[in-house]
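Only the coordinates and a few stated rules stand behind these numbers; no lab work does. No experiment lies behind these values; they were computed from the predicted model shown. When we count neighbours, we look across all protein chains shown, and the Cβ atoms used for this are built from the backbone with ideal geometry, even at glycine.
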Amino acid sequence: MDTATFAFDERLDTGFLDELFEGDKEHTAIVFEQFLSGIHLYLKEADDNFFPGNMELFRQKVHKLKPVFSFVGLTGLTHEAEVIENQCRQNCGFAEIENSYKDFKNAIAEFIPVIESELLKLK
């Protein structure tokens, strides 16, 4: 497919997405659908380990979640997940990690409608 036929929302890492999908709108739509269908479960799994304070299991859930953001052009969130993962490794205080995690979840919530909109445009 011609990459010029689809322009991603500028809030996404368009260069990364263009390189990753090479204009294949069908494959892009599949990946965006998978992201949307799984993101809430991934977040629930992270929450389920964060709030009882199981930082190692929480870190593992964040690690598992981290790469999925890049596949939909949210490379900034990939970086934020890495920061949280490192905070867990460094045994930062619960309050510090909680602040980072709240900001992270708020950013995810802001971007979900963007991904939904892009999916509609792709179809």
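Only the Cβ atoms of Lys and Arg (+1) and of Asp and Glu (-1) were treated as charged; on that basis the dipole of the chain about its Cα centre amounts to roughly 400 debye.
Normalised by residue number, the volume inside the convex hull of the Cα atoms of the chain is 88 Å³ per residue. Taking amide hydrogens as placed 1.01 Å from N in the peptide plane, the amide H of Asp13 sits under 5 Å from those of Leu74, Thr75, each at least 5 positions away in sequence or on another chain. Maximal additional length on extending the His27-Asp48 stretch stands at 4.4 nm, based on 0.36 nm per residue less the C-alpha distance.
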